[in-house]
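A.B. asks: Questions regarding the structure given below will be posed in turn.
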Amino acid sequence: MSTTGIPHSSHWGAFRADPTADGVRVRAHPDDPAPSALLRNVAVAATPTARVLRPHVRRGWWEDGPGPDERRGRDEFLPVEWDELLDRVAGEYARVLGEHGPRAVYAGSYGWASAGRFHHSQSQLHRFSHCLGGAVRSTWTYSHNVGEVLMPRVVGSQEPLISPTAWTSVEAATDLVIALGGLPAKNSEVASGGITRHEVAGRLRSARARGAEFVLVSPLRDDLAAELDADWFAVVPGSDAALLLAMCHVLLTDGSFDAGFLERFTAGSEEFLASLRGADDGVEKTPEWAEPLTGIAAGRIRDLARRAVRGRTMITVSWSVARTRFGEQPLWAAVALAAMIGQIGLPGGGFGHGYASTGGVGKRAGTYPLPTFPQFADPLRVRIPVARIADALLHPGEPYEVDGRHETYPHLRLVHWAGGNPFHHHQDLQRLQRAFRAAETIVVHEPFWTSTARHADVVFAATTTLEREDVGAARYDDRLIAMGRVHEPLGEARDDYEVLSGLAHRLGAGERFTEGRTAGEWVEHLYEEWRTGPAARAGITAPPHAEFLAAGEFRLPPEPREKVMFASFRADPDRFPLRTPSGRIELHSETIAGFGYDDCPGHPVWLAPEEQPDEEFPLRLVANNPATRLHSQLDHGATSQAGKVAGREPVRMHARDAAARGLADGQVVVLRSRRGSCLGGLVVSDAVREGVVQMSTGSWFDPVAGAAAGVTCGYGNVNVLTRDVGSSRLSQACTGQHATVQVSAFEGVPPRVTIFDQPA
Ligand SMILES: Nc1nc2c(c(=O)[nH]1)N[C@H]1C(S)=C(S)[C@@H](COP(=O)(O)OP(=O)(O)OC[C@H]3O[C@@H](n4cnc5c(=O)[nH]c(N)nc54)[C@H](O)[C@@H]3O)O[C@H]1N2
Ligand SMILES: Nc1nc2c(c(=O)[nH]1)N[C@H]1C(S)=C(S)[C@@H](COP(=O)(O)OP(=O)(O)OC[C@H]3O[C@@H](n4cnc5c(=O)[nH]c(N)nc54)[C@H](O)[C@@H]3O)O[C@H]1N2
Ligand SMILES: [Mo]
C-alpha cells in the first residue's frame, strides 16, 4: 500500500491507524469510496474509559462459590491475579463437567466481537469447548434466523439472504425496486468480518441515474436515501404480509400474474391462490381488506401491484421485517409475490432478503476460500435456537418445539461468553437478568465493562483488536488485510486465545487447543495454510506471508461471473432443481403444514401479532439497528456520543404524537412497555409514521441510573422494552424489532449515566 499507517480492519471498514501520545488516529482505507462515520468510534478503544483493565471476580462467587445467585448484576467486583483466577475457573469447569457433563455448559456465545480470522472470540471459544468434549451451542443468528429456517424449506437454501442476485445486476437491469424495510444507508456501512469498499450507496445512485424507480415500504422515511426519490409507503410496523398478500390478490383478480411460471417453477400455487380468495378463513385478501391493517390506501396497494408487473421488478425484504412476531409471513409472502410476477432467475428481477441489511449482501458471490481457524468437530452437537437463551436458563428440562422437532432445554449451569453482549442483544432484559441469576457460574471475556460483564461472576480482561495482529478477510470483500498491532494491550488485558490456552492447559487440553503455537504463529500459519492449500487450488496466487505483511493487503481476483440467483433453475428446473421436496419454489409446503403450527401454517398468511396498541401502550416501537455504532460496540465513541440527545439514546416521534403528549424536541422522556421502562432523548421528526416511535438498539443497559430515575434503564437500552418470544414454533427467531409502548415526559433531574464508570 502506498500510504502510511498500520493496516487494520473492522466490521465497519478497513482503515489505517497510527498510535498517538493519547490513543490512536484512524483513517479510512484509501480505496474506500464512502468510508463509515463509525470509524470515529474506534479511537476510544485505546483509552482506559470503560475498559476492563484487570481480571475481576464477583465477590459473592469468589467467596461463596458457584450457584444461583440473586446478587448477580449488583454485587461488588474484586480485581484478582490471572493465575489465581484461571485456576479457579478451570476448577469450576472440572466440577461441572465431572458432575453434569458437557450438556451443562453453554458456550453458544453469540455476538459480533471484532473482525479478524484468528482472534474471532466465538471461534476461539468453540474450539476450546470442542477440546473438552463439547458444550451446548446456539444455532442460527439474531440477524436472520427466520430466513435461515424458512428459506431452505421454501426455496431449498439460504441463498436469498446469503448471496442473492448481485447489486451489479440490479444496477443494470431493474426497473422497479420494492424495498420492504428499505435499503438503509446506515446498515450497509457494516459487513461481518470487514469491508474495504462501501459500494451500496453508489450502486443505488447509478441504478437511479439509469432510470430505476424505488418504492420504500417502511414506517421510517429515511430507510432509503432521499436522492433516490422513492415513493414512500409508510406502512404500519408488522403489517407487510397483509400488504404483500393484497398485491398478490390484485395480480390474481387482474389475471396479470405469470401462470406459466407458477406451473413450471412452483409447488402448491393452487392452495396459495385459493387462500387469497379466502379458502382458509372466508376472507378475500383484497387491498380494501389490507388498508386498515397496513395504513396504506387500497388504491395505492392496487397501483403498486400493477406497477410491479410492468417492468423488471426486484422485491427485497430487509432482515428486520422478519425479526418480528410471525416474521415468517412477510418473507414467504414476498417470495409468493415474486413468483406471481414470474421474474425469479432473471437479471435484476425476483426477490432477495437483506439487500443493504449489511454492505456484503449482493456484493459478490464470495466463492473463494478464506484463511480459517479450525474449530474441530463438535462432539456434543446439542444446540438451542440462539434467541431462546433465557428460556433455556429459566426452564431446564422443559420441552419446546422448533422446525418440526420436539426438543428439551438442557440444564445449563456454566455459561461462558466471549465476543457478544447479550445484555445488549437479547429481549426483555429484566427476564434475562433472572435467567443469568439462575445459572451457577457465568464467565465473560470482555475488553469493556458492558452490562454483560457486570452480570458475570468472572470477567476476563480481553484485548481489543487494536492490541493484536490478525489477518482480516470476509466472504463479501475482495481483500485480505494484514492487520497490525496498533498499540500494546492496556492494563493486564490478554487475548481470548491466551486466556483459553491457560484454561485448556489446566484442563489437560492445552496441546490440542494450541498445537504448540503462539498467537503470532497461528496468524502466519492460517495465512500460509490458506495460500498453499485452498487458495492455490482455487487458482489464486497469493504472496508468502512476509510479502503480504510488507504490502499490508492482498487483493483477491475478481469473481468469475455476475450472479443471478436461481438462473440455472430457471433455465432447466429438472436438471437444476431446488433442494425442496418438490424441487420447486414451495408456495405451499406440505412439510410445514405437516408440523401443524397455527403460528406458521403451510403457506403465507396474515397473522396479527398478539401485542397490539391499546390505551395503556398506544405506540408501536421500532427497535432497529443503530446508525452511529455497531450494536453496543464503542457506544462511548465519538460518533455514538454525538448522536445522543440529552445524553440518552434518541427516540424519534411524529410531531402530532409529540404534541398530543405535550412533548418537545430534545427533552428527556420515559418509554414504558409491559416489560420495563427506560429514558430516552426525544427527537420530533416527520420521517416517522404517526403512531410509531423509533429507538435503536445499543445504548448500554444502565440499571444503576435507572434506579435513580425510577425506571429499568437510565440511559436508553431499548431491550428493556421488547418482548422475549420467538417468531413462531417454526424458527423460534428473535422478535426484538417491535414492541408496543407509551412515551411520557420525564419529571425531575435526569440521573447521571454510570455505565461507562469502572464498577464498584
Ligand atoms: N431489540 C432489538 N434487539 C436486537 C436487534 C434488533 O433489531 N432489535 N438486532 C439483533 C442483531 S441483528 C444482532 S446481530 C445482535 C447483536 O448483538 P451482539 O453481537 O452481541 O452485539 P455487540 O455489541 O456487537 O457485542 C459484541 C461484544 O463483543 C465485544 N468484543 C469485541 N471484540 C472482542 C474481542 O476481541 N474479544 C472479546 N472477548 N470481546 C470482544 C464487544 O466489546 C461487545 O461487547 O443484537 C440483536 N438485538
Ligand atoms: N450502522 C449499523 N449497521 C448495521 C448494524 C449496526 O448495528 N449498525 N448491525 C448489522 C447487523 S448485525 C444486522 S443483522 C443488520 C440488520 O439489518 P436490518 O435488520 O435490515 O436493519 P434494522 O436497522 O434493524 O431495520 C431496518 C429498517 O426496517 C424498518 N422496519 C422495522 N419494522 C418494519 C416493518 O414491520 N415493516 C417494514 N416495512 N419495515 C420495518 C425500520 O424502519 C428499520 O430502519 O444491520 C447491520 N448493519
Ligand atoms: Mo445482526
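The values are calculated or read from the model by the stated rules, or taken from the named source; none is laboratory data. Since the structure is predicted, the reported quantities are computational estimates derived from the model, not experimental observations. Here Cβ is always computed from backbone atoms with ideal geometry, including for glycine, and neighbour counts include all displayed protein chains. Heavy atoms of the whole protein, side chains included, go into the accessibility calculation; ligands, DNA and RNA do not. Shrake-Rupley method; radii C 1.70, N 1.55, O 1.52, S 1.80 Å.
A.B. asks: Report, by residue number, each residue of the stretch 668-677 that is assigned to a loop (DSSP other than H, G, I, E, B) and open to solvent by less than 50 Å² (accessible area, probe 1.4 Å). Talk me through it step by step, then tell me what you get.
C.D. replies: Quick first cut of the stretch 668-677, residues assigned to a loop (DSSP other than H, G, I, E, B) only: 673-676.
Within the stretch 668-677, S673, R675, G676 meet the criteria.
A.B. asks: To continue, here is another question. Scan (1) more than 16 Å from ligand 1 (Cβ to nearest atom); (2) among the charged types (D, E, K, R); (3) outside the structural domain of A334 (by TED's automatic domain parsing) for the single condition R672 breaks and write down its number.
C.D. replies: Single failed check for R672: (1).
A.B. asks: Residues that are aromatic (F, W, Y) and either within 15 Å of ligand 3 (Cβ to nearest atom) or part of a strand (DSSP E or B) (or both): does the stretch 368-380 have at least one?
C.D. replies: no
A.B. asks: Are there any pairs, at least 6 apart or on different chains, whose C-beta atoms fall under 7 Å, with the first in the stretch 291-310 and within 16 Å of P219 (Cα to Cα) and at pLDDT 95 or above and the second open to solvent by 40 Å² or more (accessible area, probe 1.4 Å) and not in a helix (DSSP H, G or I), and if so, which?
C.D. replies: From residues that are within 16 Å of P219 (Cα to Cα) and at pLDDT 95 or above, the pairs are E291/A297.
A.B. asks: State which residue pairs qualify: first residue under 15 Å from E649 (Cα atoms) and touching a residue at least 12 places away in the same chain (Cβ under 8 Å) and inside the stretch 715-731, second residue away from ligand 3 (no atom under 16 Å from the Cβ) and among the β-branched types (V, I, T) in any location, beta carbons under 7 Å apart, and separation of 6 or more residues or different chains.
C.D. replies: Y715/V753; Y715/I755; V720/T712; L721/V741
A.B. asks: Something else now. Answer yes or no as to whether R310 is within 16 Å of ligand 1 (Cβ to nearest atom) and outside any helix (DSSP H, G or I).
C.D. replies: For R310, the condition - within 16 Å of ligand 1 (Cβ to nearest atom) and outside any helix (DSSP H, G or I) - is not met.
A.B. asks: Quick check on my filter: what residues within the stretch 353-406 are within 16 Å of ligand 2 (Cβ to nearest atom) and either without any contact (Cβ under 8 Å) to a residue 24 or more places away in the chain or among the small types (G, A, S) (or both)?
C.D. replies: If the condition is that a residue be within 16 Å of ligand 2 (Cβ to nearest atom) and either without any contact (Cβ under 8 Å) to a residue 24 or more places away in the chain or among the small types (G, A, S) (or both), then G354, A356, S357, G359, G360, G362, A387 are the ones that fit.
A.B. asks: For the stretch 132-154, name all the residues that are touching a Ser or Thr at 6+ places or on another chain (Cβ under 8 Å), within 12 Å of ligand 3 (Cβ to nearest atom) and among the small types (G, A, S).
C.D. replies: S143
A.B. asks: Looking at the stretch 317-375, which of its residues are polar (S, T, N, Q), out of contact with any Pro (no Cβ under 6 Å at 6 or more places or on another chain) and under 22 Å from S727 (Cα atoms)?
C.D. replies: S318, S320, T324, S357, T358
Matching residues to (1) of a type in the set (D, E, K, R); (2) surrounded by 18 or more Cβ atoms within 10 Å (Cβ to Cβ); (3) in contact (Cβ under 8 Å) with a residue 12 or more places away in the chain; (4) not assigned by TED's automatic domain parsing to the domain that holds A504:
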| site | (1), (2), (3), (4) |
| --- | --- |
| R16 | yes, yes, yes, yes |
| P33 | no, no, yes, yes |
| E63 | yes, no, no, no |
| E70 | yes, no, yes, no |
| G73 | no, yes, yes, no |
| F77 | no, yes, yes, no |
| L86 | no, yes, yes, no |
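A.B. asks: If you take the residues of the stretch 321-344 that are part of a loop (DSSP other than H, G, I, E, B) and not hydrophobic (A, V, I, L, M, F, W, C), which of them is most open to solvent (accessible area, probe 1.4 Å)?
C.D. replies: R325
Okay, residues lined up against (1) at pLDDT 95 or above; (2) touching a strand residue (DSSP E or B) at 6+ places or on another chain (Cβ under 6 Å); (3) in a loop (DSSP other than H, G, I, E, B); (4) not charged (D, E, K, R):
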residue: P560; (1), (2), (3), (4): no, no, yes, yes
residue: H588; (1), (2), (3), (4): yes, no, yes, yes
residue: H603; (1), (2), (3), (4): yes, no, yes, yes
residue: D614; (1), (2), (3), (4): yes, no, yes, no
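A.B. asks: Check whether at least one residue in the stretch 300-315 is hydrophobic (A, V, I, L, M, F, W, C) and closer than 25 Å to V149 by Cβ, and report yes or no.
C.D. replies: Yes, the conditions are met somewhere in the stretch 300-315.
A.B. asks: Follow-up question, since we're still on this one. Looking at the stretch 121-136, is at least one residue at pLDDT below 95 and of a type in the set (A, V, I, L, M)?
C.D. replies: No, that holds for no residue.
A.B. asks: Turning to a different aspect of this structure: If I ask for residues that are in contact with a strand residue (DSSP E or B) (Cβ under 6 Å, 6 or more places away or on another chain) and within 15 Å of Q694 (Cα to Cα), which ones from the stretch 650-665 would you list?
C.D. replies: P650, V651, R652, M653, H654, A655, A658, D665, listed by residue number.
A.B. asks: Limited to the stretch 226-264, what total is found for residues that are in a loop (DSSP other than H, G, I, E, B), within 14 Å of I178 (Cα to Cα) and within 16 Å of ligand 2 (Cβ to nearest atom)?
C.D. replies: Of the residues in that region, 3 qualify.
A.B. asks: A follow-up question, please. Going through the stretch 508-536 one residue at a time, which ones are over 32 Å from the mean Cα position of the chain (by Cα), open to solvent by 20 Å² or more (accessible area, probe 1.4 Å) and small (G, A, S)?
C.D. replies: G508, G516, A536
A.B. asks: Write out, first by first residue and then by second, each pair whose Cβ atoms fall under 6 Å of each other, whose residues are 6+ apart or on separate chains, and whose first residue, in the stretch 619-631, is closer than 12 Å to E690 by Cα and open to solvent by less than 10 Å² (accessible area, probe 1.4 Å) while the second is within 13 Å of ligand 3 (Cβ to nearest atom) and of a type in the set (D, E).
C.D. replies: none
Table: residues versus (1) in a loop (DSSP other than H, G, I, E, B); (2) open to solvent by 10 Å² or more (accessible area, probe 1.4 Å); (3) modelled with pLDDT under 95; (4) more than 16 Å from ligand 2 (Cβ to nearest atom).
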{"position": "E690", "(1), (2), (3), (4)": "yes, yes, no, no"}
{"position": "V693", "(1), (2), (3), (4)": "no, no, no, no"}
{"position": "G706", "(1), (2), (3), (4)": "no, no, no, yes"}
{"position": "V711", "(1), (2), (3), (4)": "yes, yes, no, yes"}
{"position": "G716", "(1), (2), (3), (4)": "yes, no, no, no"}
{"position": "N719", "(1), (2), (3), (4)": "no, no, no, no"}
{"position": "T722", "(1), (2), (3), (4)": "yes, no, no, no"}
{"position": "G726", "(1), (2), (3), (4)": "yes, no, no, yes"}
{"position": "R729", "(1), (2), (3), (4)": "yes, yes, no, yes"}
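A.B. asks: Give the residue that is nearest to S129 (Cα to Cα), with candidates limited to residues of the stretch 400-416 that are open to solvent by less than 10 Å² (accessible area, probe 1.4 Å) and not in a loop (DSSP other than H, G, I, E, B).
C.D. replies: Restricting to residues being open to solvent by less than 10 Å² (accessible area, probe 1.4 Å) and not in a loop (DSSP other than H, G, I, E, B), the top hit is H416.
A.B. asks: May I ask you to list the residues in the stretch 345-366 that are within 15 Å of ligand 3 (Cβ to nearest atom), out of contact with any Leu (no Cβ under 9 Å at 6 or more places or on another chain) and part of a loop (DSSP other than H, G, I, E, B)?
C.D. replies: Answer for the stretch 345-366, where residues must be within 15 Å of ligand 3 (Cβ to nearest atom), out of contact with any Leu (no Cβ under 9 Å at 6 or more places or on another chain) and part of a loop (DSSP other than H, G, I, E, B): G359, G360.
A.B. asks: For the list (1) at pLDDT 95 or above; (2) open to solvent by 20 Å² or more (accessible area, probe 1.4 Å); (3) among the β-branched types (V, I, T), I need the number of the one condition that V170 fails.
C.D. replies: (2)
A.B. asks: Tell me, which helices (runs of 4 or more DSSP H) wholly within the stretch 121-199 include 3 or more residues that are without any contact (Cβ under 8 Å) to a residue 60 or more places away in the chain and either farther than 20 Å from P422 by Cα or within 10 Å of ligand 2 (Cβ to nearest atom) (or both)?
C.D. replies: On the way: elements: 121-131, 145-155, 159-162, 167-173.
By residue number, no helices (runs of 4 or more DSSP H) qualify.
A.B. asks: What pairs can you find where one residue is in the stretch 684-704 and in the same structural domain as G714 (by TED's automatic domain parsing), the other is open to solvent by less than 20 Å² (accessible area, probe 1.4 Å) and basic (K, R), and their Cβ atoms are less than 7 Å apart, with a gap of 6+ or different chains?
C.D. replies: Every condition considered, the pairs that remain are G698/R629.
A.B. asks: May I ask you to list the residues in the stretch 200-224 that are surrounded by fewer than 24 Cβ atoms within 10 Å (Cβ to Cβ) and assigned to a loop (DSSP other than H, G, I, E, B)?
C.D. replies: Residues satisfying the conditions are G211, A212.
A.B. asks: If a residue has to be out of contact with any helix residue (DSSP H, G or I) (no Cβ under 8 Å at 6 or more places or on another chain) and more than 30 Å from E401 (Cβ to Cβ) to count, how many in the stretch 712-742 make the cut?
C.D. replies: 2
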